[in-house]
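The values are calculated or read from the model by the stated rules, or taken from the named source; none is laboratory data. Because the structure is a prediction, the values reported are computed rather than measured. FYI the Cβ positions are ideal-geometry reconstructions off the backbone, even for glycines, and counts take in every protein chain you see. Just so you know, the surface numbers come from the protein's heavy atoms only, side chains and all, with ligands and any DNA or RNA stripped out. Shrake-Rupley method; radii C 1.70, N 1.55, O 1.52, S 1.80 Å.
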Amino acid sequence: MFAPQLALTLLLTPLVSAVLIGAFFRRQPAIAKALSLTAATAIAVLAGQLIFATEDFTAAAEWLTIGPLTVKLGFLLDPLSKLLLAVVALVGLLVHVFSLGYMAHEQNQARFFGCLSLFMFSMTGLTLADDLIMLFIFWELVGLSSFLLINFYFERPSAVAASKKAFIVNRLGDFGFLLGIILAYWAFGSITLADIAARIGTEPSVVATSIALLIFCGAVGKSGQLPLHVWLPDAMEGPTPVSALIHAATMVAAGIFLLCRVSVLMTPGALDVILWVGIATALFAGFTALGQRDLKRILAYSTISQLGFMVAAFALGSLVALKSGADASLAGITGGVAAAMFHLTTHAFFKALLFLGSGSILHGTHHEGDIYRLGGLMKKMPVTFITFTIGTLALIGCPFLAGFYSKDAILILAYQHSQPAFYCLVLGAFLTAFYMTRLWTTTFLGKPRSEGADHAHESGPLILVPLIVLSIGSILGGFAWFYPEALRVVPDAALALLHGASDAEKAAASTAMIAGTAAFIIGAVLGALLYRPGSARDFLQTRLPVVYQLFEKRLYIDAAYDWYVAKVQQRFALLLNYIDLIGLSGIVVRGIVAGGTGLAGLAARAMHTGSLHNYVYWFLAGAVLLWAIATGVL
C-alpha cells in the first residue's frame, strides 16, 4: 500500500468507527466498545507501518477552488508528525483499554466510545495536516470531541457548564487562529505550509509578527495558556479516561505541535511574547495547584504548568535559531522545537499515567477525589501506588526518569540564552516538586480519612495494565535508545542540549542540570516536611490562610471573568436588547417604517375611490406633470 493510501486508511478508520456507532449501535454498548477498540488497535498498527515502513512524504488532492484560492486536503509526514502520531496511537490505545474497565458500569457507553473514535479521527487528521485550512478543520473537530466528552455526564449541571466554558473559551483563541490564517494567505498567497516556508522573507515585519501572534492565539486556547487557561481545570468534569487522553497527553499538546509546525512564521517580537506567556503560565499554574484539594484538578493545573514549560522552550529555542541562522525550513528541527516536542512526548507518558492513576484511585475509593479525605492507599492499592509514584517522580524531574531529561533540556536552553527565564523556570520546577509531594503524601501515606479510602480496593487488570505500560515509558522515555530509529530525530536533538557541543555549553548544561536537580530535591523535601501524612487540613490553610485562599481562588482570575460576564457583558447585552426592542423594532420598524408604510397605504387607498370623475382628474394631472417634465418646465 502506498504511503498516502496508508495515511488515508489510518485517518478514515476511526471515522468509520464513530459513524457506525452513532448510526447503528447507539444502544448496543458491547458492539460499540468492540468497534472503537478495534479502530484504536488498527490506528496503532497502521501508524506503526506509516512511521517505520515509509519515507517522509507530502501528498495532497484538490478539494475546492474559490477564485484564486485552491484548498487541498493532504498529508505531511515528517519527524514532527511521526512523533506525535506515535504518541496519539499508543496513548489512545491504552486509554481505550483502560476505559473498558473504568466505564464498565456507566450508562451510555456506546456514546462514550463513539466520541473517543471521533476524537482519534480528529487528532490523527490534525497530526498529518499539510496546510493551515486542514489544520484548522481538524483543530475544530478536536474541540468538538472535547466538548462532547466533557459533557458526557450531561445530567450534571457542573459538566454542562464546564463543556460550554471549554467551547466558548476555545472559540476566542480559535478566532485569532482563523484571522492568522486569513492574514497569512493575504501575505503569502498560499495556505500550504511548504509554500509559506518557501515564500517567507528573512526580515520580520509587523504583518509577519501579527500572523505569528494570531496563530499563537489558537495555541493559547487549546494548550491552556494565560489568559485562556480557565477551561482546562473545569474540563475534569468529564470521565477520567478523557482527562488522560485529551486534556493531558494529546489535545492540549496540539497547541505546542501547532507552534512547532509553523515555526517558520515566527519573528523575534512574537517569540518574546510567547516566551513570557509560557513562563507566566508555568508559574501561575504551579502556585494555583497548591490551593486545590481535588486530585484531578491538581493534575490539571500541573498540565497547564508543564504546557507553559513547553511554550517557553519553543520560544527560547526559536529565538536562538533565528539569531544563529539555523535551518528555518519546514523540516528544520531546531533546539526549541526539539526541546518542546521532547517534553511533550515524555509528558504524555507520565501525565497520562497520573490521570489514569487518579482514575484507578477514584474507581477503588468509590469516587473520593479530595486528597484530604484519602490517605493510606499505599497498602490498599499497591500497584496503583507504585505506578503513580513513578509518574510523580518523572513529573517532578527525578534523575534518570523521563521528565528529568526533557525538563533539563528546557532549563539548559533558558540558562544559555535568558537568565531571567532560567530563574523563573527553576522556580516552576521547585513548585512542581512541592505540590506533587503534597498530593502524593496526603493520598497514599498515613491512615484513611474517609469511608471510601478505608474500603479502597485495587483495580482490575484492564485498568492496571495501561498504568504499567505507561510506567515503562515514564522511566525509559528520556533515553534516546528507547525510541526506534524513525522517531529518534527529536529526542536526539533535545538530548544534544544536555551534552553540549563546546566546553562552554557543557559547563552551562552542568550548571542548569544541578539547579534543576536542586529544585527537585528542595521542593520534594520541603513538601514532605510541611505536608505530613495524617493531617486533614492543609499546611498553608492553617499557617497562611490569606495566601492559601489566594491560591484556592485561582488568583481570582476566574472570579474576574465571572464578574465581567455578569456585570459588564450581560448588562451590555441587555442594553443592546433594549435598543433592539425599543429603538429598532419599536420606533424604527414599527414606528417609522410601519407608520410610513401605513400612511402610504392610506394615501393609495384614498386615490382608489371607484369614481370615474376622480380618475379623469388624476389622468389629467398626470398628463400635465409629464408635459411639464418633457418641456423642461420642471
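Structure notes:
- Cα long-axis angle, helix 157-188 against the chain (0 to 90 degrees, to the nearest 10): 70 degrees
- Segment 388-542 shape via C-alpha gyration tensor axes, a/c threshold 1.5: oblate
- Additional length obtainable on full extension of the chain from residue 507 to residue 16, 0.36 nm per residue less Cα span: 171.4 nm
- Placing pseudo-labels 7 Å out from each Cα toward the beta carbon at residue 633 and residue 183 gives an inter-label distance of 6.5 nm.
- Label-point gap, in nm, between residue 613 and residue 423 - each point 7 angstrom along Cα→Cβ: 10.3 nm
- Karplus-derived 3J(HN,Hα), 6.51/-1.76/1.60, for each residue of segment 68-79, Hz, glycine and proline x: x, 8, 10, 9, 10, 9, x, 10, 10, 10, 8, x
- Environment charge at residue 76 (Cβ cut-off 15 Å; Lys +1, Arg +1, Asp -1, Glu -1): -3
- Segment 359-413 and segment 429-480 have Cα centres spaced 4 Å apart.
- Computed E for residue 539/residue 600 - FRET, C-beta separation, R0 51 angstrom, nearest 0.05: 0.05
- Additional length obtainable on full extension of the chain from residue 66 to residue 569, 0.36 nm per residue less Cα span: 177.4 nm
- In plain terms, the chain from residue 104 to residue 158 could stretch by 17.2 nm, reckoned as 0.36 nm per residue minus the Cα-Cα distance.
- Computed in the context of the full set of protein chains, the accessible area of the chain at 1.4 Å probe radius has 70% of its extent on carbon or sulfur.
- Segment 231-302 and segment 89-105 have Cα centres lying 23 Å from one another.
- Under-5 Å amide H pairs with residue 72, H placed in peptide plane, nonlocal only: 63
- Options 453, 24, 500, ranked by Cα towards positive dipole end of the chain, top entry (Cβ charges): 453
- Rounded FRET efficiency, nearest 0.05, which uses the C-beta distance separating residue 27 from residue 577 and R0 of 41 Å: 0.45
- The angle separating the long axis of helix 594-607 from the principal Cα axis of greatest extent in the chain is about 20 degrees.
- The residues of the chain expose on average 41 square angstrom of accessible surface per residue, using a 1.4 Å probe on protein heavy atoms.
- Residue-averaged [θ]222 nm for the chain, counting only DSSP H segments that reach four residues, each worth -39500 (n - 2.57): -23500 deg cm²/dmol
- For segment 410-483: rounded, prolate or oblate by the Cα gyration tensor [a/c cutoff 1.5]: oblate
- Each label was represented as a point 7 Å from its Cα along the Cα-to-Cβ direction; for residue 273 and residue 366 these points are 5.2 nm apart.
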